[in-house]
Amino acid sequence: MDFQIDSPVASPMTRRRKAAMIVQMMISDGGTLSLAQLPQSLQEVLTRELGAIRLVDRNTVSAVAEEFASELEAVGMSAPGSRDGAILALADHLSPDLAEKLRSQLESVRNGDHWPRITDLPVERIVAIMVAESVEVCAVTLSKLPVGKAAEVLGQTPGDRARRITFAMSQTADISPDAVRRIGAALAEDYGSTRDLAFEKAPVQRLGAILNSTGTDRREDVLEGLGSKDPDFASDVRKAIFTFKDIAPRVKPTDIPNCIRSVDGEVLTTAIAAGLAGEEDLVKSAEFILASVSQRMATQLREDADERGRVKKADAEKAMTEITTAIREMVDGGVITLIDPDEADEEE
């Protein structure tokens, strides 16, 4: 009985066929290729060429590999190779107005797909969408983001809002492509433009920082007035404020020693003395500080506070402000993290 084995048959070695061979070699060696970046027409051509290859003799494979290596070595620079690629590569380095103008000229945008303008936005800008838009729109937006970025956005979205958005995702199964396109176009119009902002921080953060250093009576008066005009804004400002009475519920006990290390001893004694003689929330924070330091230090602080006696209101507020300022500096520097009051309420 004669056995016949197919011999490698010479096929026309076009550049497309060679490219398909190189792709097959790299895949066979376990390499990862980002072929999705190619236009679909080229992906189809590559697939068709690869499907046409059966057996290729060793000499031909070696010749194609050597030719590819030679051309690769001869390449001195790699550029985007297309207008869209150039726009995406340069957008972050151009003036905001010009970058926005060029993004609006992307081929995908001209074809009606505005989602690239949304998915390329900074995380904090997308979080603004999560807070301001309907949960259904937010669910669609979250679904269009790359997984890693979506997780980061969800992590920075307020707890209750995040839960409602994730639930709304279960209702997006039957949404039409046209509806998704229209949502993308609307969001791109409202959020896709890069705006020049006069202030780096949001209004809540700016007002919160001011009220942190404002006297108690004036701070409460301002917050009461805000509450009658804009309850939601007032609530957000209260969360942004961090005063002495917030130490107990928002600082971890293990962080207290580091937080008070840079505070002058006399200032600390004054704050403890005023806190122990103050209203309930102030007493809790003073006791919390004492319970979070060594027993020897706590005993000494109590004795010094007793000797300090009654503290004038202005001196008390000044001392307490120095302590809270030291804590906020550590938070801003990323050394410690405050406990989120909303998350604490949910755990209870």
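The values are calculated or read from the model by the stated rules, or taken from the named source; none is laboratory data. Being a predicted model, the structure only gives us computed values, none of them experimental. Glycine gets a Cβ as well: all are built from the backbone with ideal geometry, and neighbour counts include every protein chain shown. For the accessible areas, the whole protein counts, side chains as well, though only heavy atoms, and no ligand, DNA or RNA atoms are used. Shrake-Rupley method; radii C 1.70, N 1.55, O 1.52, S 1.80 Å.
For this structure, a couple of remarks:
- Accessible-area order (highest first, 1.4 angstrom probe) of the listed residues GLU124, GLU220: GLU124, GLU220
- Exceedance of the 20 Å cut-off in Cα-Cα distance is limited, within the set LYS252/LYS284; LYS229/LYS284; LYS144/LYS239; LYS229/LYS318, to LYS229/LYS284; LYS144/LYS239; LYS229/LYS318.
- The string of couplings for the stretch 212-223 from the Karplus curve (6.51, -1.76, 1.60, θ = phi - 60°) is 4, 9, 9, x, 4, 4, 5, 4, 5, 5, 5, 5 Hz, one whole number per residue in order, with x for Gly and Pro.
- Net length gained if the chain between SER28 and THR325 were fully extended (0.36 nm per residue, minus Cα distance): 100.9 nm
- Ordering of 18-24, 177-183 by burial proxy (mean other Cβ atoms within 10 Å per residue, highest first): 18-24, 177-183
- Sequence-ordered 3J(HN,Hα) estimates for the stretch 18-25 from the Karplus curve with 6.51, -1.76 and 1.60 and θ = phi - 60° stand at 5, 4, 5, 5, 4, 4, 5, 4 Hz, glycine and proline given as x.
- Prolate/oblate/rounded label for the stretch 256-306 (Cα gyration tensor, a/c 1.5): rounded
- In the stretch 228-348, inverting the average of 1/r over every pair of distinct C-alpha atoms gives 15.0 Å as the Kirkwood radius.
- Largest-first principal axis extents, alpha carbons of the stretch 146-215, Å: 54, 29, 20
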